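Heads up: the structure comes next, in structure tokens.
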Amino acid sequence: MANSKDGFFDRYGGKYVAEVLRRPLDELEVAFKHYMADKDFIDELNTIRRDYIGRETPLYYAPTATKILGGAQIYIKLEGLANTGAHKINNAIGQCLLAKKMGKKRIIAETGAGQHGLATAAACAKLGLDCTIYMGEIDVKRQQPNVATMELYGAKVHPVTSGSRTLKDAVNEAMRDWAAHPDTTHYVLGSALGPAPFPDIVREFQSVIGYEVKQQCAERNIDIGAMVACVGGGSNAIGFFSPFVDEKEPRLIGAEAGGIGPGIGENASRMTGNASREGIVQGYKSRFLLDEDGQALPTRSISAGLDYMGIGPQLAALGASGRVEFTSILDKEALEAISFFAKNEGILFAMESAHAGAAAMKIARELPKNKAVIINMSGRGDKDLFITSPVFRRDEWISFLKAEVERLESDKEIHSSKIMGE
Ligand SMILES: *Cc1c(COP(=O)(O)O)cnc(C)c1O
């Protein structure tokens, strides 16, 4: 089951949108099919992947982790080495190049924690496109480092003040903008979800991860027992799994955010959690965390990228059919996995990817030594210092932040007007 059938993956997916969005979605679908069959487009995309993103990314054998865990061989797909630090650039570059070919001059995108906004802003800078990022006002305040980086790339960050002022509202605002400016503007959706054709488009641009793994394993005679990815909206997971979903093997495992426990509001477990329900939200049918009246429930995770109430429709379908297994990883287990791979392999996982690392540590022990477990390290952990430091060394981090504020307030020399000569 690679492609959707008229936008559906079994019972999930679809295009539940207002009339004004039908035309831009239909146009996008036609253009996507056209360019994916166009050799010049694919050549240009592959050149950008190689020279700008830094593909292919390495498939790293982790000898110490393998030895300590004592089961299957551990391999790590280092997506975190991609330019901008995570897999999100694969989709951002693909969609922005497509938009440029379609003659669009302006790109909009939603962002929650800021990682998708950052990747889209970088892709627009690289391709010379005008870029506006919609971001909930609360997220803008919480994620200043990412806002600053988006602005460095030349993007305009538009704080969204409606509703709960977070990701959900940023998506609504981006949809509204797109409906009002479909001729000039393309909306780069950030994960493998939303109304058709986005789940197909995002999966195809992310499937470069899975095809590289398939080739790397074939060249090195690696016998894959299981592949493990973390699942927020599901783009890194479905891209990593996609060349394998129509085959019986290997086992494909998605790791959801288990947060602090199984209670309502304590996690973001859309497939394995107590509040998992089928619904139609933001243009597509899938599994969501909803109450009995179909209202969105609060979610919780230490990892901003996994803290989302919905999951992409293709993964929901693959979960229902049993082809993809789901497990949920607690915040605590993800933090332990970060320490484990940092100390034993010199590899720093992003908080999100550490959920896959933690799941793989459990699975490796159950598998024989001649099999491999492949972890998709969707991103690197440098971005998470503000989350991990308060956990691992709280007091030192507080003193550091206080000292930084004092230094900035007292040191007038550092004032930007002097440095920038304004
Ligand atoms: C955004 C993000 C995720 C979650 O998004 P998916 O669409 O589920 O892949 C996972 N890992 C990293 C590093 C991210 O930035």
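The values are calculated or read from the model by the stated rules, or taken from the named source; none is laboratory data. Note that the structure is a prediction, hence the values are computed from the model and not measured. When we count neighbours, we look across all protein chains shown, and the Cβ atoms used for this are built from the backbone with ideal geometry, even at glycine. Accessible surface areas use protein heavy atoms only, side chains included; no ligands, DNA or RNA. Shrake-Rupley method; radii C 1.70, N 1.55, O 1.52, S 1.80 Å.
The sole residue among ALA72, ALA109, ALA99, ALA92 that is under 30 Å from ILE363 (Cα atoms) and either within 15 Å of the ligand (Cβ to nearest atom) or buried (at least 23 other Cβ atoms within 10 Å of the Cβ) (or both) is ALA72.
Among the residues of segment 362-385, those identified as assigned to a helix (DSSP H, G or I) and open to solvent by less than 50 Å² (accessible area, probe 1.4 Å) are ILE363, ALA364, GLY381, ASP384. Among residues of segment 203-229 that are in contact (Cβ under 8 Å) with a residue 24 or more places away in the chain and of a type in the set (Ser, Thr, Tyr), those with a Cβ under 7 angstrom from a residue that is buried (at least 17 other Cβ atoms within 10 Å of the Cβ) and in a helix (DSSP H, G or I), sequence gap 6+ or separate chain, pair up as SER207/GLY239; SER207/SER242; SER207/PRO243; TYR211/PRO243. Residues of segment 25-52 that are within 28 Å of ILE280 (Cβ to Cβ) and either surrounded by fewer than 16 Cβ atoms within 10 Å (Cβ to Cβ) or in contact with a helix residue (DSSP H, G or I) (Cβ under 6 Å, 6 or more places away or on another chain) (or both): ASP26, GLU27, VAL30, PHE32, LYS33. Among the conditions (1) open to solvent by less than 30 Å² (accessible area, probe 1.4 Å); (2) within 16 Å of the ligand (Cβ to nearest atom); (3) not small (Gly, Ala, Ser), the only one that VAL160 does not satisfy is (2).
Among residues of segment 230-249 that are within 16 Å of ASN90 (Cα to Cα), those with a beta-carbon under 7 Å from a residue that is at pLDDT below 95 and away from the ligand (no atom under 16 Å from the Cβ) at least six positions away or on a different chain give the pairs SER242/ALA2.
Restricting attention to segment 53-69, the residues being open to solvent by less than 40 Å² (accessible area, probe 1.4 Å) and basic (Lys, Arg) number 1. For segment 339-361, a residue qualifies if it is assigned to a helix (DSSP H, G or I) and open to solvent by less than 10 Å² (accessible area, probe 1.4 Å), and the qualifying residues are PHE341, MET351, SER353, ALA354, HIS355, ALA356, GLY357, ALA358, ALA359, ALA360.
If you take the residues of segment 223-243 that are within 16 Å of VAL373 (Cβ to Cβ) and in contact with a Phe, Trp or Tyr (Cβ under 7 Å, 6 or more places away or on another chain), which of them is nearest to the ligand (Cβ to nearest atom)? Filtering segment 223-243 for residues that are within 16 Å of VAL373 (Cβ to Cβ) and in contact with a Phe, Trp or Tyr (Cβ under 7 Å, 6 or more places away or on another chain), the one nearest to the ligand (Cβ to nearest atom) comes out as ALA229.
Checked against the criterion of being farther than 19 Å from MET351 by Cβ, within 15 Å of the ligand (Cβ to nearest atom), crowded, with 24+ Cβ neighbours inside 10 Å and at pLDDT 95 or above, segment 266-283 has no qualifying residue. Of all the listed residues (PRO195, PRO182, PRO250, PRO262), the sole one being open to solvent by less than 30 Å² (accessible area, probe 1.4 Å), at pLDDT 95 or above, out of contact with any strand residue (DSSP E or B) (no Cβ under 7 Å at 6 or more places or on another chain) and away from the ligand (no atom under 13 Å from the Cβ) is PRO182. SER353 passes every criterion in (1) more than 16 Å from the ligand (Cβ to nearest atom); (2) under 24 Å from ASN90 (Cβ atoms) apart from (1). Output the residues belonging to segment 297-313 that are assigned to a helix (DSSP H, G or I), open to solvent by 10 Å² or more (accessible area, probe 1.4 Å) and either touching a strand residue (DSSP E or B) at 6+ places or on another chain (Cβ under 9 Å) or among the aromatic types (Phe, Trp, Tyr) (or both). GLY305, the sole residue that qualifies. Residues in segment 314-338 that are of a type in the set (A, V, I, L, M) and outside any helix (DSSP H, G or I) were compared, and the one that is surrounded by the most Cβ atoms within 10 Å (Cβ to Cβ) is ILE329. Listed conditions (1) outside any strand (DSSP E or B); (2) in contact with a Ser or Thr (Cβ under 6 Å, 6 or more places away or on another chain); (3) not charged (D, E, K, R) are all met by VAL171, apart from (2).
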